[in-house]
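Trainee: So that we are looking at the same thing, I have put the structure below in structure tokens.
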Amino acid sequence: MDFKEASTFGINEEVLSVYQKLGWESFTRVQSKAIESGLGKGSSMVVSAPTSSGKTTIGEIAAILGALEGKKTVYLVSHRALAEEKYNYFKTVFRDELEKLFDVSIATGDHVDGDWDNGILVSTYEKYLSLITTSSNFSFEGKVVIADEIQILSDVSRGSEIEILCTIIRMGSPAQFIGLTATVPNVDELSTWFNCKGIKISHRDVPLRQEIWNEGRLFHNLYGQDELFEDQENAHVVNDTIHVVNNLLNLKLGPILVFTMTKPRAIELAQGFSGTREKDISAIIVGEQIELFSELTITVGILKETCERRTAFHSGDLSFEERGR
């Protein structure tokens, strides 16, 4: 769907101009389906689509349109890091074009900024549950609600609290509700429970290549395929993380995110990989900022050294400021 057609479905042209300035030319399949289903006209929906298919933009558009119409909007996310990312996104990307029309606030376990008199509040699920149980100002009535990663309803440790909040949403008469997920299998049941439309798309506009490296052999397929194919030309690959990262960088596939099972392992890999890289002038500035704004602990000292070589690690041991660098 192109932008001209999207405007006929109620998408504000000022919002469309922002995305055009960001280099967008059209909407993905799932975004188009949501727009056709009334996204710009206040329709509520639960949207299920693969990762990187464009679900987040659906939530963004609903939040922005709601704020432009004078409605208070709450954007719920699963983790504090995601809240910070979304908060900074709204504060920076829409600063020149739209920030003058609404405010952006944030509420997480370790960061609260803004009074949410109007505009968008980005919050983690648990933080908002605590807010709504202590003040009627946070009721959902008349508000636009975006619930990202709503599949955490089934999480063993967090699901019960998320379900309580979702029940409050369901009973709270929001002006519009948008639930987003990549993994919920029972979209129809969930959308029925929320009394809204259900949209499920399995197509990916950008193909995702998945690879398995094992004992010098490389297997691959595209997301959604069951059959694996062996890549004979890359039979030399080894099961060494640093070697794999260097190999991917040589193929121009950066930036790269490596997940580890423990915090010490994350630090170990960051140190090991950074030891193979030269210091970078622009990265040295980041290291200096870490040293300037942080208490110089052993962990912070290691982070400063690795950042100077364009390598970093992330864990709950880092402060809010350190994680934000």
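Trainee: Given N residues in the chain, what is Rg(Cα) / (2.2 N^0.38 Å)?
Mentor: Expressed relative to 2.2 N^0.38 Å, the Cα Rg reads 1.10.
Trainee: Same structure, new question: Which trypsin sites (Lys or Arg not before Pro) in the stretch 231-317 sit in a loop by DSSP (not H, G, I, E or B) and have at most 11 other Cβ atoms within 10 Å of their own Cβ?
Mentor: Loop-located and lightly packed - 252.
Trainee: Would you mind counting up the charge near residue 199? Only other residues with Cβ under 12 Å from its Cβ, with Lys and Arg at +1 and Asp and Glu at -1.
Mentor: The answer is +3.
Trainee: Next question. Relative contact order (percent) for the stretch 3-200, with alpha-carbon contacts under 8 angstrom and 6 or more residues of separation?
Mentor: Dividing the mean separation by the residue count of the stretch 3-200 yields 27 percent.
Trainee: Only counting other Cβ atoms within 10 Å, I'd like 135, 105 sorted with the fewest neighbours first.
Mentor: 135, 105
Trainee: Whole angstrom only: what separates the Cα centroid of the stretch 111-189 from the Cα centroid of the stretch 1-59?
Mentor: So the separation of the two Cα centres works out to 21 Å.
Trainee: Which net charge results when you count Lys and Arg as +1 and Asp and Glu as -1 among the other residues whose beta-carbon is under 13 Å from that of residue 230?
Mentor: -4
Trainee: Could you pull out the GluC sites (Glu not before Pro) across the stretch 266-308 that fall in loop regions by DSSP (anything but H, G, I, E, B) with no more than 11 other Cβ atoms inside 10 Å?
Mentor: Passing both the DSSP loop test and the Cβ count: 278, 295.
Trainee: Once you list every other residue whose beta carbon is under 15 Å from the beta carbon of residue 43, what net charge do they have if Lys and Arg are +1 and Asp and Glu are -1?
Mentor: +2
Trainee: Can you tell me what share of the DSSP beta bridges in the chain is antiparallel? A percent to the nearest 5 is fine.
Mentor: The antiparallel fraction comes to roughly 30 percent.
Trainee: Among 24, 116, rank each residue by its count of other Cβ atoms within 10 Å, from fewest to most, as a rough exposure measure.
Mentor: Ranking 24, 116 by Cβ neighbours within 10 Å, fewest first, gives 24, 116.
Trainee: Could you work out how much longer the chain between residue 139 and residue 295 gets when fully extended? Use 0.36 nm per residue separation minus the Cα distance between them, nm to one decimal.
Mentor: Roughly 52.2 nm would be gained on extension.
Trainee: If the cut-off is 28 Å between C-alpha atoms, which lysines fall inside it for residue 127, apart from same-chain ones fewer than 8 positions away?
Mentor: Excluding near neighbours in sequence, the set is 55, 71, 72, 86, 91, 100, 143, 197, 263.
Trainee: Label-point separation (nm) for residue 209 and residue 117, each offset 7 Å from Cα along Cα-to-Cβ?
Mentor: Once both label points are built, they end up 5.3 nm from each other.
Quick note: the coordinates plus some simple rules give every number you see, no bench work behind them. Everything numeric in this text was worked out from a predicted model, so none of it was measured. Cβ atoms come from the backbone with ideal geometry, glycine included; neighbour counts cover every protein chain shown.
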